[in-house]
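Peer 1: Handing you a structure now.
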Amino acid sequence: MNDSEHQIEDIRAYWNSRAGLAQWAGTRDIIAKQLEIEAISRYVRNGMHILEVGCGNGITVIEIAKRYDVNILGIDYAEEMIVAAQELIVGQELRGQVTFQVGDVRKLSSLGANFDLIYTERVLINLPDWEAQKQAITDICSLLYKGGVYVMCENSQDGLESINELREKINLPTITPPWHNRYFRDSELAQLVVSGVQLEGINFYSSTYYFLSRVVNAWLANYEGEEPEYEAPVNQLALQLPAVGQLGQGRIWLWRKIVEDGR
């Protein structure tokens, strides 16, 4: 087993260890999670066949199936996350049909090219390098119907650095990605060519939130000599305000499978 494979196994163990943490399994930042769900949901329509790659304990899958009449498959390579998802869905009132199964973003070919919409939510940042991430994007897009979309909700290193520049101006420490994450560089994605697919746009859905939470709320907490809280009132404003600017790491890159006439 090489170093990359060891790292991936360490990351799998990390996520398995978090499977029992309910709404905090994927992140302690619940407002950021809410914003992700709302941003992804805007691309969903009734009747879609949907895949979530890296579904964790199924929170986003279940929420989408509550809102829409869709057929949605959630896969995750952390087995304990799938167990937790299957437990979490019991008793839920759903409009859509849901299936959970163990799966690996590096081994997707068996799923077939039959999805109208595929999304990831901070999943590809768990891969060890750009080559692995680039291959994952290509493989995910290969599973789309013509005209289908890949909603790539991932983290940008450039976006994080834009927040850190503001934090430095007010004497706050630099934020670094978690040990198990490799954030994307905007230039990498801008230059990426995937056959039969086009990068249709970028949604900076979290910009207002990261400014409020990582700059404003962090400064206020530091002024009071306290640790910033994720659910502070000023952070919650982001749930009511539009996204402004291009700050913060959370972004959606929208990839569309080109239809026959090239539209």
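The values are calculated or read from the model by the stated rules, or taken from the named source; none is laboratory data. Predicted model, so just to flag it, every value in this text is computed and none were measured. We place every Cβ from the backbone using ideal geometry, glycine too, and count neighbours over all the protein chains shown. All accessible areas refer to the heavy atoms of the entire protein, side chains included, with ligands and DNA or RNA removed. Shrake-Rupley method; radii C 1.70, N 1.55, O 1.52, S 1.80 Å.
Peer 1: Have a look at Val194, Val244 and point out the one that is part of a loop (DSSP other than H, G, I, E, B), of a type in the set (A, V, I, L, M), within 26 Å of Tyr43 (Cβ to Cβ) and in contact with a strand residue (DSSP E or B) (Cβ under 8 Å, 6 or more places away or on another chain).
Peer 2: Val194
Peer 1: Give just the number: which of (1) surrounded by 16 or more Cβ atoms within 10 Å (Cβ to Cβ); (2) free of Cβ contacts under 8 Å to residues at least 60 places away in the same chain; (3) among the hydroxyl-bearing types (Ser, Thr, Tyr) does Tyr209 not satisfy?
Peer 2: (2)
Peer 1: Condition check: β-branched (Val, Ile, Thr), free of Cβ contacts under 8 Å to residues at least 40 places away in the same chain and closer than 20 Å to Leu143 by Cβ. Does Ile40 satisfy that?
Peer 2: Here the answer is no, as Ile40 does not meet what is asked.
Peer 1: Residues that are in contact with a helix residue (DSSP H, G or I) (Cβ under 7 Å, 6 or more places away or on another chain), outside any loop (DSSP other than H, G, I, E, B) and in contact (Cβ under 8 Å) with a residue 40 or more places away in the chain: does the stretch 223-230 have at least one?
Peer 2: no
Peer 1: Looking at this structure, is Leu160 part of a helix (DSSP H, G or I), touching a helix residue (DSSP H, G or I) at 6+ places or on another chain (Cβ under 9 Å), closer than 27 Å to His6 by Cβ and not β-branched (Val, Ile, Thr)?
Peer 2: yes
Peer 1: A further question follows. If you take the residues in the stretch 50-108 that are of a type in the set (Asp, Glu), touching a helix residue (DSSP H, G or I) at 6+ places or on another chain (Cβ under 7 Å) and within 18 Å of Ile11 (Cα to Cα), which one is surrounded by the most Cβ atoms within 10 Å (Cβ to Cβ)?
Peer 2: Asp76
Peer 1: Another question about this same structure. Could we say that Asn203 is crowded, with 16+ Cβ neighbours inside 10 Å, of a type outside the set (Phe, Trp, Tyr) and in contact with a Pro (Cβ under 8 Å, 6 or more places away or on another chain) here?
Peer 2: When the stated conditions are applied, Asn203 does not pass them.
Peer 1: Could you say whether any residue in the stretch 144-162 is touching a residue at least 40 places away in the same chain (Cβ under 8 Å), loosely packed, with under 15 Cβ neighbours inside 10 Å and closer than 24 Å to Ser187 by Cβ?
Peer 2: no
Peer 1: Exactly one condition in (1) open to solvent by 20 Å² or more (accessible area, probe 1.4 Å); (2) of a type outside the set (Val, Ile, Thr); (3) in contact (Cβ under 8 Å) with a residue 24 or more places away in the chain; (4) farther than 28 Å from Leu241 by Cβ is not met by His6; state its number.
Peer 2: (3)
Peer 1: Out of all the residues in the stretch 164-178, is one or more surrounded by 17 or more Cβ atoms within 10 Å (Cβ to Cβ), of a type outside the set (D, E, K, R), touching a Gly at 6+ places or on another chain (Cβ under 8 Å) and in a helix (DSSP H, G or I)?
Peer 2: Checked against the condition, which is being surrounded by 17 or more Cβ atoms within 10 Å (Cβ to Cβ), of a type outside the set (D, E, K, R), touching a Gly at 6+ places or on another chain (Cβ under 8 Å) and in a helix (DSSP H, G or I), the stretch 164-178 yields no hits at all.
Peer 1: Looking at the stretch 212-255, which of its residues are of a type in the set (D, E, K, R) and open to solvent by less than 30 Å² (accessible area, probe 1.4 Å)?
Peer 2: Arg251
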